[in-house]
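S.K.: Structure in C-alpha cells, see below.
Rule-based calculations on the coordinates, nothing more; no lab input. Treat the numbers as computed from the prediction; the structure is a model and nothing was measured. A quick note on method: Cβ atoms are made from the backbone with ideal geometry, for glycine too, and the neighbour counts reach across all protein chains shown.
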Amino acid sequence: MIEYISTPEIPISVSALRDHCRVYDSSFDTQLTRAWYAAASDIEKRSGVLLRSCQVRESRKGLSGLAGHRLQVGPVDASTIVVKADGVVMTGWELDLNAQDAAICITDRSEFERDVVYTIDYTAGFTMIPMDLMVAALELTAHHFENRESTTDRPLYAVPSSVWSIVQNYGRAKV
C-alpha cells in the first residue's frame with residue numbers, strides 16, 4: 001500500500017501555465033490549475049516518477065515483504081526510515097539508491113519479524129523538474145485544458161506523441 005503523507009504544491013506558476021496555453025488573463029486560472037494537476041497525475045501514474053516532492057509512506061508485511069522491496073515512486077532521497085508497527089525505528093537495513101529503482105536491502109535479518117507490518121517513510125519527487133519533462137507536462141496540461149469539454153466515443157485530438165516519448169525516458173514502466 002502506498003500513501004502520500006504530504007500534499008505537494010504545484011511546482012510551476014499559474015502565469016507560466018497561462019503563457020504556455022496562450023491565455024492572457026486570470027479568468028481561466030482554476031481550469032489551468034486543474035489541467036496541470038490532471039497532467040501531473042497522469043504522468044506520475046504512468047511513470048512512477050513524482051513531479052512534485054512529497055512525503056510517501058508504504059506498508060510491507062514481514063521480512064519477505066520488505067527485503068529487496070523497490071520503492072514504488074521516485075526519485076527518492078536518502079531520508080528514508082523503516083518503522084515497525086509498534087513505532088520502533090528499525091536499523092539493520094540500508095537503501096540502495098544506485099539501483100534503477102531505490103530498494104530496501106536488509107543487512108541484519110535477525111532484527112526483522114515474519115508477521116509484523118513495517119512502514120517505509122521517504123521523500124520522493126523532483127525538487128526541480130528537468131526541462132524536457134516540464135515541457136511534456138506543459139504539453140499535456142495544454143491538451144487537458146483545450147479538450148476539457150470534449151465528449152465523444154472517439155478521440156478528437158490525440159495527446160502529442162512527444163509527451164509519452166519524453167515521459168518514457170524517466171519512467172519505471174512502459175508508458
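S.K.: About its Cα centre, how strong a charge dipole does the chain have in debye, to the nearest 20, once Lys and Arg get +1 and Asp and Glu get -1 at the Cβ?
M.R.: Using only the charged Cβ atoms, the result is roughly 380 debye.
S.K.: Assuming 1.306 mPa s and 10 °C, estimate D for the chain with Stokes-Einstein, Rh taken as the Kirkwood radius over Cα pairs, in µm²/s.
M.R.: In µm²/s, the coefficient is 89.
S.K.: Which order do the peptides 82-88, 123-129 come out in when sorted by mean C-beta neighbours inside 10 angstrom, highest first? Write out the running numbers ahead of the final one.
M.R.: Values: 82-88: 13.4, 123-129: 17.4.
Highest-to-lowest ranking by the protection proxy: 123-129, 82-88.
S.K.: Also, quick follow-up: Going by alpha carbons, how many degrees (0 to 90, nearest 10) lie between the helix axis of 29-47 and the longest principal axis of the chain?
M.R.: Around 50 degrees separate the two axes.
S.K.: Right, another one. Looking at the calculated P(r) for segment 1-82, what percent of the C-alpha pair distances fall above 18 Å?
M.R.: 53
S.K.: Around GLU3, under 9 Å between beta carbons, what's the net of Lys plus Arg minus Asp minus Glu among the other residues?
M.R.: Its environment carries a net charge of 0.
S.K.: So how far apart, in nm, are the two label points at ALA158 and VAL14 if each is 7 Å from Cα heading toward Cβ?
M.R.: Once both label points are built, they end up 3.4 nm from each other.
S.K.: Calculate the spin-label point distance for VAL88 paired with TYR24, positioning each point 7 Å from the Cα along the beta-carbon direction, and give it in nanometres.
M.R.: 6.7
S.K.: Something else: Please give the charge dipole size of segment 53-125, origin at the Cα centre, charges +1 on K and R Cβ atoms and -1 on D and E Cβ atoms. Round to the nearest 20 debye.
M.R.: 200
S.K.: OK, next. In cubic angstrom, how much convex hull volume per residue do the alpha carbon atoms of segment 54-124 span?
M.R.: Values: hull volume 5.3 nm³, N = 71.
Hull volume over Cα atoms, normalised by residue count, gives 75 Å³.
S.K.: Once R0 is set to 22 Å, what does the formula 1/(1 + (r/R0)^6) return for the Cβ-Cβ distance between ALA99 and SER59, expressed as a FRET efficiency to the nearest 0.05?
M.R.: Working: r = 21 Å, r/R0 = 0.94.
Here the calculated transfer efficiency is 0.60.
S.K.: Taking Cα atoms, how many degrees apart are the long axis of helix 161-170 and the longest axis of the chain, rounded to 10 and kept between 0 and 90?
M.R.: Between helix and principal axis, roughly 20 degrees.
S.K.: With contacts defined as alpha carbon pairs under 8 Å and 6 or more residues apart, what's the relative contact order of segment 22-142 in percent?
M.R.: 36
S.K.: Please determine, in degrees from 0 to 90 and to the nearest 10, the orientation of helix 131-146 with respect to the longest principal axis defined by the Cα atoms of the chain, where the helix direction is its Cα long axis.
M.R.: Once rounded, one gets 50 degrees.
S.K.: In nanometres, what is the gap between the two model label sites at ASP115 and ILE81, each 7 Å from Cα along Cα-to-Cβ?
M.R.: 2.8
S.K.: Let me ask something else about it. Specify which residue in the list GLY92, ALA136, VAL116 is farthest towards the positive end of the charge dipole of the chain, using unit charges on the beta carbon of Lys, Arg (+1) and Asp, Glu (-1), about the Cα centre.
M.R.: ALA136
S.K.: Among 63-71, 90-98, what's the highest-first ranking by average C-beta atoms within 10 angstrom per residue?
M.R.: Most protected by this proxy first, the peptides run 63-71, 90-98.
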